[in-house]
Amino acid sequence: MITPRPDLALLTGYHSAQVSVAVRLNTNEAPESPPRGFADALAAEMATLEWHRYPDRSYTALRTAIAAYHGVDPAQVFAANGSNEVLQTLCLAYGGPGRSVAVFEPTYALHSHIARITSTEVAIGERTTEFALDLGEVARVTREAQPAITFLCSPNNPTGMVEDEATVRAVLREVPGVLVVDEAYGQFAPWSALALVEEDVPLVVTRTYSKTWSMAAARLGYLIGPRSLVRQLDQVALPYHLDAVKQVAGRLALDYRDAMEARTATLVAERAAMVERLTDLPVTVWPSAANFVLFRPEARPGDAVWQSLLDQSVLVRNCSSWPRLDGCLRVTIGTPVENDAFIAALEVALR
Ligand code: PMP
């Protein structure tokens, strides 16, 4: 039997339970599908699709629409199948054997996972016990590893914490390679590093359709960055990597900006309500700028609370055995009904 590359042997993959439950709050998806008009517009365009032709390799219409949405030049946009694939393309272009990335834990597990899949070394820095970025630690890791890519995640998954502008600027001054600010949850946060993107600055900001745009099923994400960098990523991406359906869906979704912004505002308000209700319970809760909240039950093990929630058909993310997150659980903000169901189930689980 053929064996995989030896450096893959230690990787365990990335798992998030996909079980059938009444209340699914474990993967930070939007709680509902895009507006009805989106599905109708997509169906209408599908009727005219040239299925026998390869799609537009440069996804010009989608790229132009994303660029217009952000007020940038289309040549500053690189899109792929989920922001995970954007991150992978970055690692393929700038990582690889003999190169490294820097991450600051705890953070999104896929940053180091994708780096390792692409044979890129991972230099791990620690955050403070309160999950804040420590600029001294950033300097240490950067000096020792000279990373080709440094990943920040803002708001950070799974803590929900946002890096402020001064911090991002300070990290940008420190790093020798490209700084990736993963803003998968950027629309829920008070500010965006998009404001710092410039042609001569080695900074890219990644975004996804999976959260605010209610399109996790479509697998579409993108980055905004310097044109020169986008050109290099274009060279690494496979030919026709974005299928025609996705190109149309991604473009049409942006027509529903107002509806999506209203939904984001609702989720932000629900998040505040959720944090307040958690504060009344025997749990430690961290402030969040994303569409999820991290908390730690104080009187019972996180694992037992997670199982009790599942027994009540409520699924949240079990981070309790993850390094640095001992006993923690992460709940996605859902509809008001789902959030009520979660809190009711949690009250039972904490008894
Ligand atoms: N970045 C972060 C921080 C995430 O939490 C996620 C989704 N869990 C992603 C990127 C990937 O999103 P997608 O591939 O669906 O765009």
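The values are calculated or read from the model by the stated rules, or taken from the named source; none is laboratory data. This structure is a prediction, so every number in the text was calculated from the model and none was measured. Backbone-built Cβ (ideal geometry, glycine too); neighbour counts: all protein chains shown.
In the range 31-51, the residue that is farthest from N339 (Cα to Cα) out of those that are in contact with a helix residue (DSSP H, G or I) (Cβ under 7 Å, 6 or more places away or on another chain) and in a loop (DSSP other than H, G, I, E, B) is L49.
Per the conditions (1) surrounded by fewer than 19 Cβ atoms within 10 Å (Cβ to Cβ); (2) within 20 Å of the chain's Cα centre (by Cα); (3) more than 26 Å from A193 (Cβ to Cβ), the sole criterion not satisfied by L25 is (1). Of the candidates A139, A93, A79, the single residue that is surrounded by fewer than 19 Cβ atoms within 10 Å (Cβ to Cβ) and out of contact with any Ser or Thr (no Cβ under 9 Å at 6 or more places or on another chain) is A139. Out of curiosity, is R63 over 30 Å from F342 (Cβ atoms), buried (at least 17 other Cβ atoms within 10 Å of the Cβ), more than 16 Å from the ligand (Cβ to nearest atom) and of a type in the set (K, R)? Against the criterion (over 30 Å from F342 (Cβ atoms), buried (at least 17 other Cβ atoms within 10 Å of the Cβ), more than 16 Å from the ligand (Cβ to nearest atom) and of a type in the set (K, R)), R63 qualifies. Screening V86 on (1) farther than 27 Å from E198 by Cβ; (2) within 16 Å of the ligand (Cβ to nearest atom); (3) β-branched (V, I, T) shows it passes everything except condition (1). Looking at S308, S313, S214, just one residue is at positive phi and more than 21 Å from the chain's Cα centre (by Cα), and that residue is S313. Exactly one residue among P158, P176 is closer than 19 Å to A115 by Cβ, outside the structural domain of E29 (by TED's automatic domain parsing), surrounded by fewer than 17 Cβ atoms within 10 Å (Cβ to Cβ) and not polar (S, T, N, Q), and that residue is P176.
Contact map, the range 179-198: residues that are closer than 14 Å to G71 by Cβ paired with residues that are within 14 Å of the ligand (Cβ to nearest atom) and of a type in the set (G, A, S), Cβ distance under 8 Å, separation 6+ or inter-chain. Pairs shown: S192/G186; L194/G186. V86 meets each of the listed conditions (1) out of contact with any Leu (no Cβ under 6 Å at 6 or more places or on another chain); (2) crowded, with 24+ Cβ neighbours inside 10 Å apart from (1). Applying a threshold of 8 Å to beta carbon distances and a minimum spacing of six or more residues, or different chains, the list of pairs starting in the range 331-351 at a residue that is free of Cβ contacts under 8 Å to residues at least 60 places away in the same chain and ending at one that is aliphatic (A, V, I, L, M) and assigned to a helix (DSSP H, G or I) reads A349/A304; A349/V305; A349/L309.
Among residues of the range 122-136 being of a type outside the set (S, T, N, Q) and surrounded by fewer than 18 Cβ atoms within 10 Å (Cβ to Cβ), the one that is farthest from the chain's Cα centre (by Cα) is G136.
Conditions tested, residue by residue: (1) modelled with pLDDT under 95; (2) surrounded by 17 or more Cβ atoms within 10 Å (Cβ to Cβ); (3) more than 22 Å from A39 (Cβ to Cβ).
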{"position": "Q247", "(1), (2), (3)": "no, yes, no"}
{"position": "A265", "(1), (2), (3)": "no, no, yes"}
{"position": "D311", "(1), (2), (3)": "no, no, yes"}
{"position": "V331", "(1), (2), (3)": "no, yes, yes"}
{"position": "A341", "(1), (2), (3)": "no, yes, yes"}
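Restricting V204, V285, V275, V268 to residues that are of a type outside the set (D, E, K, R), under 17 Å from V162 (Cα atoms) and within 16 Å of the ligand (Cβ to nearest atom) narrows the list to V204.
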